[in-house]
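To start, the structure itself, in structure tokens.
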Amino acid sequence: MSADDPAAFTPLVERYSVVLHGYFARRVPGAADDLLAEAWLQAFAARRTFDASRGSARGWLFGVARNVLAGHLRRAARAEAPPGEQVSDPWQAVDQRLDAAALAPALRGALAELPPDEREVLLLVSWEQLTPAEAAAAVGIPAGTARSRLHRARGRLRERLAPGRPAGRGLAVTGDPA
């Protein structure tokens, strides 16, 4: 991506709009379109801050998206959003997004019990299909820290969802290996 050529930004929009929209839609469904537009505006304005030596454009864009989402949630909480709009805890709707409906309540509970920093890395890798390094860039932490958080989160989920089973023999938590 060339910061000096605005047209060089167009392929990023074409390539990542669908996945970024999904990121927002899974967290705040009613505001996904607006948040996507805001993310693209912020990313375009900040395109000169992208440093390819620090990671991929995908990870950088998810970092921008994460900041846009956090800002939206803060504003919505301050404005006391109308009933029905989920603002304080976007993880309550996790069971609506899972294929394994029978496991949804237990998984939702296990995800809610994870520390927020571990949960965020796990969901970026599992839902958004980011690599641990890309998730690290999105969250603004070193790649090794993201891999550690991902490993701990997966282990906690295995323990919670498959009690009594030896490690590695329970639930397969999707995403790239740490």
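Here are the numbers:
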quantity	calculated
Qualifying residue in the range 39-46 (condition: of a type in the set (Gly, Ala, Ser), part of a helix (DSSP H, G or I), at pLDDT 95 or above and open to solvent by 40 Å² or more (accessible area, probe 1.4 Å))	no
Filter result (open to solvent by 20 Å² or more (accessible area, probe 1.4 Å) and either among the acidic types (Asp, Glu) or modelled with pLDDT of 95 or more (or both)) within the range 128-140	134
Residue satisfying condition, being modelled with pLDDT of 90 or more, more than 30 Å from residue 6 (Cβ to Cβ) and among the charged types (D, E, K, R), within set 97, 119, 78	119
Residue within the range 57-71 that is out of contact with any Leu (no Cβ under 9 Å at 6 or more places or on another chain) and charged (D, E, K, R) present	no
Residue in the range 2-11 that is open to solvent by less than 50 Å² (accessible area, probe 1.4 Å) and aliphatic (A, V, I, L, M) present	yes
Selected residue (only one of 147, 169 is at pLDDT 95 or above, open to solvent by 80 Å² or more (accessible area, probe 1.4 Å) and not polar (S, T, N, Q))	147
Hey, residue 50 under 22 Å from residue 121 (Cα atoms), at pLDDT 80 or above and under 14 Å from the mean Cα position of the chain (by Cα) or not	no
Every pair of residues 6+ apart whose Cβ atoms lie under 6 Å, when the first sits in the range 129-146 and is assigned to a helix (DSSP H, G or I) while the second is open to solvent by 50 Å² or more (accessible area, probe 1.4 Å) and not aliphatic (A, V, I, L, M)	132/147; 138/66
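The values are calculated or read from the model by the stated rules, or taken from the named source; none is laboratory data. All values reported here derive from a predicted model rather than from experimental measurement. A quick note on method: Cβ atoms are made from the backbone with ideal geometry, for glycine too, and the neighbour counts reach across all protein chains shown. Side chains are part of the model used for accessible areas, which takes the heavy atoms of the whole protein and leaves out ligands, DNA and RNA. Shrake-Rupley method; radii C 1.70, N 1.55, O 1.52, S 1.80 Å.
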